[in-house]
Amino acid sequence: MAFATRRFVRAASSASSSAAAAAATAAAKKLLVKHVTVIGGGLMGAGIAQVAAAAGHTVVLVDQTDEILKNSKKGIEESLKKVAKKKFADKPEAATQFIESTLKNLTVSTDPVAIVHSTDLVIEAIVENQEVKNDLFKRLDKFAPEHTIFASNTSSLQITQLANSTTRQDRFSGLHFFNPVPVMKLVEIVKTPMTSQKTFESLVDFTKALGKTAVSCKDTPGFIVNRLLVPYLMEAVRLYERGDASKEDIDIAMKLGAGYPMGPFELLDYVGLDTSKYIIDGWYMSEPDNPLFAPSPLLNKLVEEKKLGKKTGEGFYKYK
Ligand SMILES: NC(=O)c1ccc[n+]([C@@H]2O[C@H](COP(=O)([O-])OP(=O)(O)OC[C@H]3O[C@@H](n4cnc5c(N)ncnc54)[C@H](O)[C@@H]3O)[C@@H](O)[C@H]2O)c1
């Protein structure tokens, strides 16, 4: 009996050491991302480039013109000042060093093909258009090294369709950041049926290195956050459209009754009414019988009148 127990213990310990060895090998196989290319220097791309550079990665930010990139860089510098002021409140020297070292990690380019050969991770954050994104990924796929992971920050397009424009479907994933990127802690990692475990785990590590929290989701409309948030926002608009409550009272109710930091109409104006309409229209086209995805006449009217929210000075509320 004692002998059998010893044998069992030996077997168990050798099983656990081989499991540990297997885990170590799997971990060793993960890609340690050092060099990052971010394509699209707009609202999201600039934010992603900033947080990646601040975390010590070498980052190249790509856009179509030098003028756009100049603006992106200016925005990043402004944002870094705010972050540094908060992070190093009583240490001005440390704040300056943080800004300088982050900017040292960051360069810009208008030619993604010329730089993609030395990158571990490409994060795409360009215009929300399937064809334009497909063209970009297809082109870069020819020039990027074998090990390079491609990721899209798309909010509403299918990751699988983007991955299919490349030959590296196993090294392709959604990497969905939130606006404003330096502030928002969440990243949704969107796995297609072809995304490998190694790609997924490498992206989890990358996300952690940026100080963000990763959640995982399948390639379904809206992933997690928007799938819950957009129907909620549309329900708020419908409540108002029916005349059941004023938009001001709905905003107050959700802030004070549900503890949300912004009311649904404030949030719609912040996100942009055109963006919300674009998302809901896409979902309605694919699932016209789902009442949660039904279009709103009021939202459509405001977009038609170019009242798109904060960015145009008027949406549900006026900002001038
Ligand atoms: N805005 C948000 O709140 C938000 C949140 C999460 C995800 N997203 C997604 O992020 C992506 C970008 O959104 P955004 O709000 O930053 O847009 P944006 O319009 O602010 O920026 C897009 C940038 O991409 C550039 N661009 C367009 N085509 C290009 C190309 N072929 N090559 C290089 N650069 C190109 C444009 O010049 C522009 O600077 C979209 O896919 C969007 O769905 C947006």
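Some points to look at:
- Other residues lying with their Cβ under 14 Å from the Cβ of Leu239 contribute a combined charge of -3, Lys and Arg counting +1, Asp and Glu -1.
- Relative protection proxy for 177-190, 107-120, from highest mean packing down: 177-190, 107-120 (other beta-carbon atoms within 10 angstrom).
- Report summary: the helix-based calculation at 222 nm, which adds -39500 (n - 2.57) for every DSSP H run with n ≥ 4 and divides by the residues of the chain, gives -17000 deg cm²/dmol.
- Members of Lys73/Lys320; Lys30/Lys212; Lys70/Lys133; Lys74/Lys142; Lys87/Lys212; Lys81/Lys185 lying beyond 21 Å, as alpha-carbon distances in this model show: Lys73/Lys320; Lys70/Lys133; Lys74/Lys142
- Against the chain, whose longest principal axis is taken from its Cα atoms, helix 225-241 shows a tilt of about 10°.
- Sequentially through the range 125-130, phi angles give Karplus couplings (6.51, -1.76, 1.60; θ = phi - 60°) of 9, 9, 3, 6, 9, 4 Hz, Gly and Pro residues having no value and appearing as x.
- Gyration tensor over the Cα atoms of the range 225-300: the corresponding equivalent ellipsoid has semi-axes (square roots of 5 times the eigenvalues, largest first) of 21, 13, 11 Å.
- Distance cut-off 29 Å, percentage of C-alpha pairs in the chain lying past it: 46 percent
- Using θ = phi - 60° and Karplus 6.51 cos²θ - 1.76 cosθ + 1.60, couplings along the range 275-280 (whole Hz; Gly, Pro as x): 5, 5, 5, 4, 5, 5
- Kirkwood Rh (inverse of mean 1/r, distinct Cα pairs), the range 35-218, angstrom: 16.4 Å
- Other residues lying with their Cβ under 13 Å from the Cβ of Phe223 contribute a combined charge of +1, Lys and Arg counting +1, Asp and Glu -1.
Readers should treat all values here as calculations from the given coordinates under stated rules, not as data from a laboratory. All figures in this text were calculated on a predicted structure; none of them were measured in a lab. Cβ atoms come from the backbone with ideal geometry, glycine included; neighbour counts cover every protein chain shown.
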